[in-house]
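Colleague: Quick one: the structure is below, questions incoming.
Every number here is computed from the coordinates shown, using simple stated rules; none is lab data. All values reported here derive from a predicted model rather than from experimental measurement. We place every Cβ from the backbone using ideal geometry, glycine too, and count neighbours over all the protein chains shown.
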Amino acid sequence: MCGIVGYTGRREAAPLVLEGIKRLEYRGYDSAGLAVLGAGGLVVEKTAGRIAALEARIKGRVPRGHTALAHTRWATHGVPNEVNAHPHTDCGGNLALVHNGIIENAAALRAALAKRGHKFRSETDTEVLVHLIESAYTDGVPLEGAVAWALKKVEGTYGIAVISAREPEKVVAARLGSPLLVGLGEGENFIASDASAVVEHTRSVVYLDDGELAVLTPRDYYVTDLDSARVDKAVSTVDWDLGTVERGGYAHFMLKEIMEQPESLRNALRGRLQEDEGNARLGGLNLTDERLLSINRVVLTACGTSWHSALIGEYMLEELARIPTEVEYASEFRYRNPIVDEHTLVVGISQSGETADTLWALREAKRRGAHTIGIVNVVGSTIAREVDGGIYIHAGPEIGVASTKAFTCQVASLALLTLHLGRLRSLSVLQGREVVKALRKIPDQVDQVLARAHEVQKLALVFDGATNALYLGRGYNFPIALEGALKLKEISYIHAEGYPAAEMKHGPIALIDESMPVVCVAPRDAVYQKIVSNVQEVKARGGKVIAVVTEGDDQLAGLADHVFTIPETIDSLTPVLSVIPLQLLAYHIAVNRGKDVDQPRNLAKSVTVE
Ligand code: AGP
């Protein structure tokens, strides 16, 4: 996934687009570039490496002009070097284009263009696009006409922005599968991958939908389809400010977002808990009670951390709402010919709302007649706009690549969905009230856990020198074992596995020795006694055990080598508390190892390619 910013207006463009892509660097950061239209025509500068390398490259000689594009890349085709960095230009040096996505028929298009004399410099699919546009951009054809013509020949996904020396005040943008929005200013307009790149200049944004093309000039903008038919679009208002996006004094976005969880959970629950009815008010499902009662199966589909929250949702929905539920990796669901019909509710869980695997799984479910809902963080994201209804988790912008506050808000939102479905079925008002009461307490309980974050910083030292780790959990906390292991892997690069605790004796126990830290997530819940036995098995083989237990625990606390306690809550909500020390553990281990916590190698915040 990449970050795109474009500008046309009354101000010097280069500083604005550079600042904009810095806000998007979490989307991809292996190379960067910009193109500026000025008195001397088109100037393009690009480098391998981070945006800082690009800034160093142009220090003291920033290109001047009032129209510009900038791009920060996460490579999909071609190694992350200067030649493959965006923007890409045409043979004539009049056009510059930036792209997020994959052109699947790039090879065939490149061969046809080469036959017509086009010369290519890079290995990228993107460069094919700018030459394709050039081949149609003849005298009398406006830039938007050439772009629309070219995009009709493309198979794959794109979010693009294009500028031309022949029309120096214009920026043309288009999207299919990769997010883009128009930022509306005073005498200036922006194009960007998401609102964080423009929110310091304007809160008025227009989200583009697939198949749409936008034409921007300093004083105007309009949107069409690829046949040039005008499309009326609503103007949305971004409801958070730049300070929200900034690190707020924390060393890393990830730590800020871990510490924000009491507030993000309050936002996720705000206005949705109905104490008396023991229910949840979910206004955006677009599902009548009758339609909900016709649902006989739920499929939760997601990727990565969001898939872990789906596992918790499965346990909740089956235990409390008594509705058959299964969890599917989105990438698997789409291609395995699943059984889905109008009585299936397919729930896509996605922080970014742009993950291609999840988006396509939902499209496949919709095609087969299922009712689809999204549990999404980013307002206006593609998934949020394509599903039949949904629940915004209101976690606020999550910048750190490793998801934390979005995960706990996903779990809280799944609890709300469970209440809503359960109270239509067999969940009694008293049972519902118990869940509501526990949810109401959760943000303060998370505060209590975070107040002891320093204890986890000490625990992280246990991992000094470790090259592997095992995370164990049962029941509602088996997914937390998976999530804790993923957090550790993705930011410290230590290999870690999450396992259902009972499964350990069927193989992984062979790994146990004094060099292998074993994290056991064992709050006092229905399966607590079972996991005590599993911990004894680990200790008997010399394993070093770190246990997450409930305050007042008098069994495991005496058995484990290190203990972190969490407050008591109902079984289904223990994951919201037990995950916190594991987030902090991964964070401190990664910091101790000098890793780039917010932008781990090879990763991107949202994977908008398959
Ligand atoms: C989470 O820490 C990872 N960065 C990754 O697994 C992520 O959860 C996954 O890519 C899904 O992203 P989404 O929630 O935006 O769809």
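Colleague: Return the percentage of antiparallel bridges among DSSP beta bridges fully within the chain, rounded to the nearest 5 %.
Modeller: On the way: 63 of 104 bridges.
Among the beta bridges of the chain, antiparallel pairing accounts for roughly 60 percent.
Colleague: Here is a further query. Taking the DSSP beta bridges in the stretch 207-364 as the whole, what percent of them are antiparallel, to the nearest 5?
Modeller: Numbers: 9 of 19 bridges.
Once the DSSP bridges in the stretch 207-364 are tallied, antiparallel ones form about 45 percent.
Colleague: In terms of the ratio Rg/(2.2 N^0.38 Å) built on C-alpha atoms, what value belongs to the stretch 484-535?
Modeller: Numbers: Rg = 12.0 Å, N = 52, 2.2 N^0.38 = 9.9 Å.
Rounded to two decimals, the normalised Rg is 1.22.
Colleague: With θ taken as phi - 60° and the coefficients 6.51, -1.76 and 1.60, list the Karplus ³J(HN,Hα) couplings across the stretch 404-413 in order, rounded to whole Hz; mark glycine and proline as x.
Modeller: 10, 5, 5, 4, 5, 6, 5, 4, 4, 5
Colleague: Could you calculate the contour length gain from residue 19 to residue 291, that is, 0.36 nm times the residue separation minus the distance between their Cα atoms, to one decimal place in nm?
Modeller: Values: separation 272, 0.36 × 272 = 97.92 nm, distance 4.72 nm.
Taking 0.36 nm per residue and subtracting the Cα distance, the gain is 93.2 nm.
Colleague: While we're here: In terms of the Cα gyration tensor, with a ≥ b ≥ c the square roots of its eigenvalues, is the stretch 444-489 rounded because a/c is under 1.5, prolate because a/b exceeds b/c, or oblate?
Modeller: Working: a/c = 2.70, a/b = 1.10, b/c = 2.45.
Judged from the Cα gyration tensor, the stretch 444-489 comes out oblate (a/c at least 1.5, b/c at or above a/b).
Colleague: Over the chain, what is the mean sequence separation of C-alpha contacts under 8 Å (at least six apart), divided by residue count, expressed as relative contact order in percent? Present the calculation step by step, with values, prior to reporting the outcome.
Modeller: Values: 1458 pairs, mean separation 71.3, N = 610.
So the answer I get is 12 percent.
Colleague: Then there is this: In nm, to one decimal, how far is the modelled label at residue 426 from the one at residue 505, with both set 7 Å along Cα→Cβ?
Modeller: 3.0
Colleague: Something else: Please give the contour-minus-distance gain from residue 318 to residue 12: 0.36 nm per residue of separation, less the Cα-Cα distance, rounded to one decimal in nm. Could you put the intermediate results ahead of the total?
Modeller: Working: separation 306, 0.36 × 306 = 110.16 nm, distance 5.74 nm.
Contour length minus Cα-Cα distance gives 104.4 nm.
Colleague: With an 8 Å cut-off on Cα pairs and a minimum separation of 6 or more residues, tell me the relative contact order of the stretch 471-610 in percent. Show your work: numbers first, answer last.
Modeller: Working: 238 pairs, mean separation 37.3, N = 140.
Relative CO of the stretch 471-610 lands at 27 percent.
Colleague: Any number yet on Rg/Rh for the stretch 463-591, C-alpha, Kirkwood?
Modeller: Values: Rg = 13.0 Å, Rh = 14.1 Å.
Radius of gyration relative to Kirkwood radius: 0.92.
Colleague: Tell me which residues come under 5 Å, amide H to amide H, from residue 180 once H is placed; ignore anything under 5 positions away on its chain.
Modeller: Result for residue 180 returns 208.
Colleague: Hey, another quick one. Run the quick spin-label model on residue 53 and residue 596: label points 7 Å from Cα toward the beta carbon, then report their separation in nm to one decimal.
Modeller: Output for this residue pair reads 0.9 nm.
Colleague: Which shape class applies to the stretch 571-610: rounded if a/c is under 1.5, otherwise prolate when a/b exceeds b/c and oblate if not, where a ≥ b ≥ c are the square roots of the Cα gyration tensor eigenvalues?
Modeller: oblate
Colleague: Could you work out the relative contact order of the stretch 408-505, using alpha carbon pairs under 8 angstrom and six or more residues apart, expressed as a whole percent? Present the calculation step by step, with values, prior to reporting the outcome.
Modeller: On the way: 71 pairs, mean separation 19.0, N = 98.
Here the relative contact order equals 19 percent.
Colleague: Considering all projection directions equally, how large on average is the shadow of the alpha-carbon convex hull of the chain, in square nanometres? Numbers along the way, then the final one.
Modeller: On the way: hull surface 110.3 nm².
The directionally averaged projection comes out at 27.6 nm².
Colleague: Using the structure shown, list the pairs from 405/441; 441/605; 22/233; 458/605; 441/487; 458/544 with a Cα-Cα distance above 20 Å, or answer none. Please list the in-between numbers first.
Modeller: Working: 405/441 17 Å; 441/605 30 Å; 22/233 28 Å; 458/605 28 Å; 441/487 26 Å; 458/544 15 Å.
Result: 441/605; 22/233; 458/605; 441/487 exceed 20 Å.
Colleague: Step through the residues of the stretch 571-577 one at a time and calculate ³J(HN,Hα) from phi using the Karplus curve (6.51 cos²θ - 1.76 cosθ + 1.60, θ = phi - 60°), rounding each to whole Hz and writing x for Gly and Pro.
Modeller: Computed from phi, the couplings for the stretch 571-577 are 3, 5, 9, 4, x, 5, 8 Hz.
Colleague: What spacing in nm lies between the two simple spin-label points modelled at residue 455 and residue 533, each 7 Å away from Cα in the Cβ direction?
Modeller: 2.8
Colleague: Another one. Given C-alpha coordinates of the stretch 1-79, what is the ratio Rg to Rh with the Kirkwood estimate of Rh?
Modeller: Details: Rg = 11.8 Å, Rh = 12.3 Å.
Ratio value, two decimals: 0.96.
Colleague: Moving to a separate point now. Is the shape of the stretch 417-515 rounded, prolate or oblate, going by the alpha carbon gyration tensor and its root eigenvalues a ≥ b ≥ c, with a/c under 1.5 for rounded and a/b larger than b/c for prolate? Present the calculation step by step, with values, prior to reporting the outcome.
Modeller: Numbers: a/c = 3.20, a/b = 1.70, b/c = 1.89.
Cα axes put the stretch 417-515 in the oblate bin.
Colleague: Going through the stretch 489-573, which trypsin sites (Lys or Arg not before Pro) have at most 15 other Cβ atoms within 10 Å and a DSSP loop state?
Modeller: Working: sites: 489, 505, 524, 530, 539, 541, 544; in loops: 524, 541.
Listed in order of number, the matching sites are 541.
Colleague: From the phi of every residue in the stretch 583-590, what ³J(HN,Hα) in whole Hz does the Karplus formula 6.51 cos²θ - 1.76 cosθ + 1.60 yield, where θ is phi - 60° and glycine or proline is x?
Modeller: Whole-Hz 3J(HN,Hα) from phi for the stretch 583-590: 4, 5, 4, 4, 4, 5, 4, 5.
Colleague: Quick check on my link table: of 152/366; 153/366; 153/595, which ones sit more than 32 Å apart, alpha carbon to alpha carbon?
Modeller: 153/595
Colleague: What is the calculated FRET efficiency for residue 108 to residue 139, with r their C-beta to C-beta distance and R₀ = 30 Å, to the nearest 0.05?
Modeller: Values: r = 27 Å, r/R0 = 0.91.
My answer for the efficiency is 0.65.
Colleague: Just the C-alpha atoms of the stretch 88-241: what Rg/Rh do they give, with Rh taken as the Kirkwood radius? Please list the in-between numbers first.
Modeller: On the way: Rg = 15.4 Å, Rh = 15.8 Å.
Reported Rg/Rh (Cα atoms, Kirkwood Rh): 0.97.
Colleague: Using Cα centres only, tell me the gap between the stretch 570-593 and the stretch 293-339 in whole Å.
Modeller: One Cα centre to the other: 24 Å.
Colleague: Please give the FRET efficiency for residue 467 paired with residue 81, using the beta carbon to beta carbon distance and R0 = 41 Å, rounded to the nearest 0.05.
Modeller: Values: r = 31 Å, r/R0 = 0.76.
Calculated value: 0.85.
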